[in-house]
Amino acid sequence: MVYLLLKSLLLSSLTLSSALMVNETNNQPSILAQDKEVVTLGGGCFWCIEAFFDELEGVERAESGYSGGWVDNPTYQRVCTGTTGHAEVVQVTFDPRIISLREILEVFFTMHDPTTLNRQGADIGTQYRSVIFYRNQEQKAVAEQVVREIHDAHLWEAPIVTEIAPFTAFYKAEDYHQEYYKRNPGQGYCRVVIAPKIEKFREHFRKKLRRK
């Protein structure tokens, strides 16, 4: 975790870019209003990723779900088999006037390991892959630029394997997965895996946290 924190401190020094324009893909709106933007991210178990974005100022909604596969309306049980092509993802709706896509990706790359192919810790399978599903060419360009900067800064010894792919569809996960950490802080995985990461997240990104 110390190694991860050092990397996050380096990553936070990368320059920020301007907010992006958005459009629609496959009849699923990429924005809810003109001043909102949506990006879909996968970085291991969605319980963990969702917990980070729930606490950021400017993030209006973080929803756990499935994306990137070929099966319509997948269930959690089927996605866990690794046969649907879907990744566990979090769909983040945010106000780019408050937090930019680049800042969203800064948190994303800080709080998961983008160098382990189809794996995050003990979670193994294509459903746990590191992936950014972009809505338009502007989002793609920002994602590619952030990856280049991380690579050029040698923040990781191994190469980054994060997939950058066009968004096609998002299937919201079952209700019991939504805000799982917030509702189940005493559950074993939440207590042992997520809680220590949340502590580091709050320490490093305290200036970006939602005002209570």
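The values are calculated or read from the model by the stated rules, or taken from the named source; none is laboratory data. It should be emphasised that the depicted structure is a prediction, and the values quoted were computed from it without experimental measurement. Glycine also receives a Cβ, built like all others from the backbone with ideal geometry; neighbour counts cover every protein chain displayed.
The table below gives the values:
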item	result
Where I132 falls short, out of the listed (1) closer than 15 Å to L101 by Cβ; (2) touching a Phe, Trp or Tyr at 6+ places or on another chain (Cβ under 7 Å); (3) of a type in the set (A, V, I, L, M)	(2)
Any hit, the stretch 139-161, residues being at pLDDT 95 or above, within 17 Å of F52 (Cα to Cα), aliphatic (A, V, I, L, M) and surrounded by 16 or more Cβ atoms within 10 Å (Cβ to Cβ)	no
Members of the stretch 89-138 that are of a type in the set (V, I, T), buried (at least 17 other Cβ atoms within 10 Å of the Cβ) and under 17 Å from I194 (Cα atoms)	V89, V90, V107, T110
Checking A165 against (1) farther than 18 Å from I132 by Cβ; (2) touching a residue at least 60 places away in the same chain (Cβ under 8 Å); (3) not in a helix (DSSP H, G or I), the condition it does not meet	(1)
Any pair with Cβ under 6 angstrom, 6 or more apart, that starts in the stretch 51-62 at a residue that is under 17 Å from Y180 (Cβ atoms) and free of Cβ contacts under 8 Å to residues at least 40 places away in the same chain and ends at one that is charged (D, E, K, R) and not in a helix (DSSP H, G or I)	A62/D54
Subset of the stretch 86-118 (residues that are under 9 Å from G44 (Cα atoms) and in contact with a helix residue (DSSP H, G or I) (Cβ under 6 Å, 6 or more places away or on another chain))	A87, E88, N118
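Quick grid of which residues meet (1) among the hydrophobic types (A, V, I, L, M, F, W, C); (2) modelled with pLDDT of 95 or more; (3) in contact with a Ser or Thr (Cβ under 6 Å, 6 or more places away or on another chain); (4) not in a loop (DSSP other than H, G, I, E, B):
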| residue | (1), (2), (3), (4) |
| --- | --- |
| A33 | yes, no, no, no |
| T40 | no, yes, yes, yes |
| I49 | yes, yes, no, yes |
| A62 | yes, yes, no, yes |
| G65 | no, yes, no, yes |
| W70 | yes, yes, no, no |
| R78 | no, yes, yes, yes |
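Residue-wise test of (1) over 15 Å from I164 (Cα atoms); (2) in a helix (DSSP H, G or I); (3) not charged (D, E, K, R).
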residue: R102; (1), (2), (3): no, yes, no
residue: L105; (1), (2), (3): no, yes, yes
residue: F108; (1), (2), (3): no, yes, yes
residue: P114; (1), (2), (3): no, no, yes
residue: F133; (1), (2), (3): no, no, yes
residue: Q139; (1), (2), (3): no, yes, yes
residue: E144; (1), (2), (3): no, yes, no
residue: R148; (1), (2), (3): no, yes, no
